[in-house]
Every structure is written in C-alpha cells, then in structure tokens.
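The values are calculated or read from the model by the stated rules, or taken from the named source; none is laboratory data. Keep in mind that this is a model prediction, so the values were computed, not measured. Here the Cβ positions follow ideal geometry from the backbone for every residue, glycine too, while neighbour counts run over all protein chains shown. Quick note on the areas: whole protein, heavy atoms, side chains included, nothing else; ligands and nucleic acids left out. Shrake-Rupley method; radii C 1.70, N 1.55, O 1.52, S 1.80 Å.
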Amino acid sequence: MTDTTKPDTAKLQIKTVEELKSQPEEYRTACEKLVISHAINELYGARAFDEPAVALAPHPYAKWLTCRVAMEEYGHHVRFFELGREMGVEADRMIPEKTSKKPLSIFDYPLKTWEEFVAIKLLADLAEILQVEDLLHCTFHPLRNLARMTMPEERFHAQFGLDFGAELVKTPEGKARLQAAVNTVFPTMPNFFGGAKSRNNEIFRKWGIKLRTNEEMRDDYINRARDAAGKIGLTLPEVAVAAA
Amino acid sequence: MPALAADLAGLGRFAASLGSASWFAAVGQDLTAAERREGEDYLAALALNAGLAGVSDWRTAEKVTRDPNWNPAWWNAEEAARQALLARAREIWGEHGLLSALTRVTDEATRLTLGAASIAAARDGIADPALSRVAAGAATQAAYQAALALAAETGAAHPFQIKFRLFAAGRWPLGLVGDTFHLF
C-alpha cells in the first residue's frame, strides 16, 4: 500500500546516489523509472530518427549537423545509462532491445522524409524540453544536475527544427511538405505526456521529483508548439488539441 | 578469427590518439603542396575526377556545405566505401566487438571536436554554435570512417585514412560542388 503522506520536499534534497539508497522504496523506484525511461527513449530516438535522417538531409551542412545531433542524443542516453548503473539499475533494463519496457509510441513512426525529421525536431524535441525542464528542480540532485547538463543541447535540437523549418518554408512547395509533416507528427505528441490520472505522475510530484501534472505539461506544450509552428508560418492540426 | 582483443585494442589506441590531432587548426590557411597531394590522392581513391580548391574563411566554408549544387557523387562514393568496410569489418570482428570499439572512437571524437571547432571559428571572429556543430559532425564522421578503415585492415592509401590525416593536420574537407572539391 502506498504512503499518501506528502513529504516536505523543501527539506528532502537527495544530493548523492549514496543518499538515495537510504530513501523510501517509493522514492527510489520513482527515480529509477525516470532514469530508465530517459535512457531508453534517448537511445531509441537517436536510432529511429537522427541516424536515418543523415541520409535524408539535403546537403552536407545538414548531414553533418544531423550527425552531431545524433551523437548528442546518444550522449544523453549514455549519461542517463551511467546514472542508472550508479543507482544499481541493471544495464539490460535501459537498452531498448533488451528490455520489455516499450519506448514512446512516437518512435513507431517510420521516418521517410527530411521534412518529417524537421517536424520531429521542432515538435518532439520541444516536448523533450518540457520533460527535462520539469526535472530542473528535482529533489534527487544527480537527476536534477543531469537535466541541467542536457538542457542546452535539447534547446539546440529544437532550434535545429526551427532553423531548418524556416529554410523549408521559403518555397510554397517546401512549406506544404513541412505542414503535411507537422499534420502527421503532431497528433502523436500529446500522448508523450502520459495519462491525465497517472499514478506515476502523482508519485513524482508527491516526492518533488517532478513539479507539474501531465495535463499542465500537455497544455503548456500545445501552447508552446503552436507558438513554435507559428514562428515559421505553420499551424497545428486541431485534432491534436482534441486528442489531448 | 584473429585475436579480437589484440587488434580491436588498436581502435582503442586510435580513440586515445584523437586528442593529439590538430582539429581545425589550419583551416583558412593556404594549402601546402603535401596537403594538395593528399587531397588529390583522396579524390583519386574515391574515383572522383575533380579539381581541388582551397577555402579561406568560415562563412565561405558554410556556403560550400549548403550549396544547392553540391555533387552527391562524392557523398555516395564515401557511403559505398563505408558499407564495404563495415561488411568486411563485421566479418573479421563480429558485430558486438566492432560496434563497441567504434563507439569508443565516436564518443571521444564527439567530446573533442566541438570545442576545437568553436575555438577555431572564434579565432576568426565567428560565434555560430550551429556551424561549429557542423564542423564537429564532419570531424566525428571522419574519425568513425578512419576507425572503420583500420578495423577492416585497409592500408594508409584508403580514402578514409587520407581524409582523416587531413582533419588531423587541421583541415576540413568540405565536399564536392560541381566538379571542384573544396578543402578548408
């Protein structure tokens, strides 16, 4: 049975992995879940989108930049993986092909065009920014510090989507292709934030690991995604708002 | 199967040596005769019939890499060479050991090259995080390709080994536009 007493998160500041070991099981499990989820999804994302996108990129500048972004995403996986190992998480639980834990459904999307990749960077990496932002004041400091370390790169990846998006919309054909990609990619994004009555999210907030409810994050995301798309003259499909 | 640990350890040594490369230290300078020869040998090894031109500054380098008239024959020739090497290296070493060793190389190159590119660009008055990442991506790719060439037991005349020597000497091969190959 779960203890529903809310701890004083102002006092609960776990500075090291060593300190984590003496914390209640619910807290340790919650931290593990987040670390495992990030480790799996960072690696899966690099494999499903960033690596294949190198071949789709239109010129060497875009190809090499995509190479770099892929390596940075892979590097995020390594950082979360290493933290997980320090915490005592078995390696196999953090490798997509070795764990039964499913990656996010967005990764089922079969990448076919450069425009789709740009839309994914613009919209999916923005979603990732929100997830990482929510960890910036996490009571488990090693996770908080990792979030702070990866944030500048996550912001750069979303900017990548904006910059190449701005390049694509210079022609009517490019804009139409990118809008079509946004229309396809965006409806999968609101699910990225989990269910409205998520028990996990409740526990994360109870312990000050995360700050916001899934609904708050989803609403914020939709607003910020609309702003980002609007900056380059694109719109978001209405269906996604309804799906949220 | 050859002695796995002994030879893939060579890739470990290669990874460890990446810190001593002069990443981007000579970009923009006039090409030396030796660098021209290396560039010509690289093109010949990829069976590309192209002239060679130096590039003198970062903004021109950026334009070359974004040129809509860039010639994909060069990229495709490299990709065909990569696929052939990968198949051969897998045969020799097996998938897992090879990928682990290559990952060590790319991790190390990723760690080293962005700072080097940023410093070199800043020296020329350029503060452009995207362009520095492009340069770092190119350098990491070159390190990976050279490591693959080592794993596939090619000689020093393989185009990936030549290309890496150019990077290690502080240059950045930018690619083929029309029938001219640009070397920064």
The condition from (1) aromatic (F, W, Y); (2) more than 14 Å from every other protein chain (Cβ to nearest Cβ); (3) open to solvent by less than 20 Å² (accessible area, probe 1.4 Å); (4) over 21 Å from A:R144 (Cβ atoms) that A:Y44 misses is numbered (3)
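Results for (1) within 18 Å of B:Q141 (Cα to Cα); (2) open to solvent by less than 80 Å² (accessible area, probe 1.4 Å); (3) not aromatic (F, W, Y), shown as yes or no for each residue.
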site: B:F14; (1), (2), (3): yes, yes, no
site: B:T32; (1), (2), (3): no, yes, yes
site: B:E35; (1), (2), (3): no, yes, yes
site: B:Y42; (1), (2), (3): yes, yes, no
site: B:A47; (1), (2), (3): no, no, yes
site: B:D57; (1), (2), (3): no, yes, yes
site: B:T60; (1), (2), (3): no, yes, yes
site: B:N69; (1), (2), (3): no, no, yes
site: B:E91; (1), (2), (3): no, no, yes
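Across the range A:64-94, which residue is farthest from the other protein chains (Cβ to nearest Cβ) among those that are of a type in the set (D, E) and in a helix (DSSP H, G or I)? Break it down into steps so the answer makes sense when it comes.
Step one: filter the range A:64-94 for residues of a type in the set (D, E), giving A:72-73, A:82, A:86, A:90, A:92.
Applying the additional criterion that residues be in a helix (DSSP H, G or I) yields A:72-73, A:82, A:86, A:92.
Values: A:E72: 8, A:E73: 11, A:E82: 12, A:E86: 18, A:D92: 14 Å.
Out of the qualifying residues, it is A:E86.
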Taking into account only those residues within the range A:111-146 that are within 30 Å of A:I14 (Cβ to Cβ) and outside any helix (DSSP H, G or I), which is most open to solvent (accessible area, probe 1.4 Å)?
A:H137
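Yes/no per residue for (1) of a type in the set (K, R); (2) in contact with an Asp or Glu (Cβ under 9 Å, 6 or more places away or on another chain); (3) outside any helix (DSSP H, G or I):
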residue: B:P68; (1), (2), (3): no, no, yes
residue: B:R104; (1), (2), (3): yes, no, no
residue: B:L112; (1), (2), (3): no, no, no
residue: B:A117; (1), (2), (3): no, no, no
residue: B:G125; (1), (2), (3): no, no, yes
residue: B:V134; (1), (2), (3): no, yes, no
residue: B:Q145; (1), (2), (3): no, yes, no
residue: B:I162; (1), (2), (3): no, yes, no
Candidate set from the range A:72-87 (those that are open to solvent by 50 Å² or more (accessible area, probe 1.4 Å) and touching a residue at least 40 places away in the same chain (Cβ under 8 Å)); member that is nearest to A:R47 (Cα to Cα)
A:R79
Lone unmet requirement of (1) more than 18 Å from the chain's Cα centre (by Cα); (2) in a helix (DSSP H, G or I); (3) in contact (Cβ under 8 Å) with a residue 24 or more places away in the chain for A:Y61
(3)
Of (1) facing another protein chain (nearest Cβ under 10 Å); (2) free of Cβ contacts under 8 Å to residues at least 12 places away in the same chain, B:R123 fails just (1)
Could you give me the residue pairs with C-beta distances under 7 Å whose first residue belongs to the range A:218-239 and is within 15 Å of A:P187 (Cα to Cα), whose second residue is assigned to a helix (DSSP H, G or I) and among the basic types (K, R) wherever it lies, and which are 6+ apart or on separate chains?
A:L236/A:R226
Condition met for A:A30 (within 14 Å of the chain's Cα centre (by Cα) and within 30 Å of A:N201 (Cβ to Cβ)):
no
Given (1) under 22 Å from A:C67 (Cβ atoms); (2) modelled with pLDDT of 95 or more, number of the condition A:M87 does not satisfy:
(1)
Verdict on B:L166 being part of a helix (DSSP H, G or I) and surrounded by 15 or more Cβ atoms within 10 Å (Cβ to Cβ)
yes
Residues satisfying the stated conditions in the range B:73-94, i.e. free of Cβ contacts under 8 Å to residues at least 40 places away in the same chain and within 11 Å of chain A (Cβ to nearest Cβ)
B:N76, B:E79
Only one of (1) modelled with pLDDT of 95 or more; (2) farther than 23 Å from B:W70 by Cβ; (3) not hydrophobic (A, V, I, L, M, F, W, C) is not met by B:T140, so which one is it?
(2)
Quick check: is even one residue across the range A:173-180 part of a helix (DSSP H, G or I), buried (at least 16 other Cβ atoms within 10 Å of the Cβ), in contact (Cβ under 8 Å) with a residue 60 or more places away in the chain and not basic (K, R)?
yes
Search result, residues across the range B:95-120 that are within 9 Å of chain A (Cβ to nearest Cβ), surrounded by fewer than 22 Cβ atoms within 10 Å (Cβ to Cβ) and of a type outside the set (S, T, N, Q):
B:D107, B:R111
Somewhere in the range B:43-56, is a residue out of contact with any strand residue (DSSP E or B) (no Cβ under 9 Å at 6 or more places or on another chain), modelled with pLDDT of 95 or more, farther than 30 Å from A:A46 by Cβ and part of a helix (DSSP H, G or I)?
yes
In the range A:194-226, anything within 24 Å of A:L162 (Cβ to Cβ) and among the aromatic types (F, W, Y) is listed as A:Y221
Here are some conditions: (1) within 14 Å of chain B (Cβ to nearest Cβ); (2) modelled with pLDDT of 90 or more. A:E97 meets all but one. Which one does it not meet?
(2)
Restricting attention to the range B:133-168, report how many residues are in contact with a Leu (Cβ under 9 Å, 6 or more places away or on another chain), small (G, A, S) and closer than 13 Å to B:A109 by Cβ.
9
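Of all residues in the range B:16-28 being in contact (Cβ under 8 Å) with a residue 12 or more places away in the chain and open to solvent by 30 Å² or more (accessible area, probe 1.4 Å), which is farthest from B:R90 (Cα to Cα)? Before you say what the answer is, go through the steps one by one.
To start, the set of residues in the range B:16-28 that are in contact (Cβ under 8 Å) with a residue 12 or more places away in the chain comprises B:16, B:18-19, B:21-28.
Now drop any that are not open to solvent by 30 Å² or more (accessible area, probe 1.4 Å), which leaves B:16, B:19, B:22, B:25.
Details: B:A16: 22, B:G19: 27, B:S22: 30, B:A25: 34 Å.
For the range B:16-28, the residue satisfying everything is B:A25.
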